[in-house]
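The values are calculated or read from the model by the stated rules, or taken from the named source; none is laboratory data. What you are looking at is a predicted structure, and each value in this text was computed from that prediction instead of being measured. Cβ: placed from backbone, ideal geometry, glycine included. Neighbour counts: every protein chain shown. Note: areas computed on protein heavy atoms with side chains; ligands, DNA, RNA excluded. Shrake-Rupley method; radii C 1.70, N 1.55, O 1.52, S 1.80 Å.
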Amino acid sequence: MTASTELRRIMAALQQSGLTVEAVEDGALIQDGETRVALFAEVDPQGGVIVRLHLDLDLYVEEDSLSDILMGMNLMNQGLDYGALNLDPVEESEEPDEGEPLTFAVLGRSVLWLPDLGAAELDRLREHLRRFEQEVTQAVERTLHGSKGISA
């Protein structure tokens, strides 16, 4: 049992359920409407499959704003059941300038362990994927556009 075999099985099951699935490098890109979630699978040495989901929110933060953003992300993460918001450094060029501030992308991330790839577990993955995307997107939209949202 290899990670690529498991990934192909997951991709086929998601396609059969009506989602648009595209293979990319070492994972898959799942599209449902306007939303695209990257999915990566690896075999768990103790059994089963670990599935990692990444949702790019097209939000970027410069390092001088990190302290404020981290506090807000901590508060938002407390209300998320299916994923979390993380910051990833964005590599803008091969040779970063010494004085330029770093930029971070805000990503939704989730990890799900599947004991097997049977029908029940694949249904659980589809539901987790749907709820993860919905929950993370709604949390960010509420924060940015709600009555108590961030004023940019």
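Numbers for the structure displayed
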read-out: Candidate set from segment 1-43 (those that are open to solvent by less than 50 Å² (accessible area, probe 1.4 Å), of a type in the set (Gly, Ala, Ser) and free of Cβ contacts under 8 Å to residues at least 60 places away in the same chain); member that is nearest to residue 138 (Cα to Cα); value: 38
read-out: Residue satisfying all of: in segment 70-85; open to solvent by 50 Å² or more (accessible area, probe 1.4 Å) and touching a residue at least 24 places away in the same chain (Cβ under 8 Å); farthest from residue 124 (Cα to Cα) among these; value: 79
read-out: Cross-chain or 6+ apart pairs with Cβ under 7 Å, segment 108-131 first and over 17 Å from residue 2 (Cα atoms), then open to solvent by 80 Å² or more (accessible area, probe 1.4 Å) and among the aliphatic types (A, V, I, L, M); value: none
read-out: Lone qualifier among 37, 24 - being closer than 15 Å to residue 132 by Cα, under 16 Å from the mean Cα position of the chain (by Cα) and hydrophobic (A, V, I, L, M, F, W, C); value: 37
read-out: Residues of segment 112-147 classified as open to solvent by 40 Å² or more (accessible area, probe 1.4 Å) and touching a Phe, Trp or Tyr at 6+ places or on another chain (Cβ under 6 Å), total; value: 1
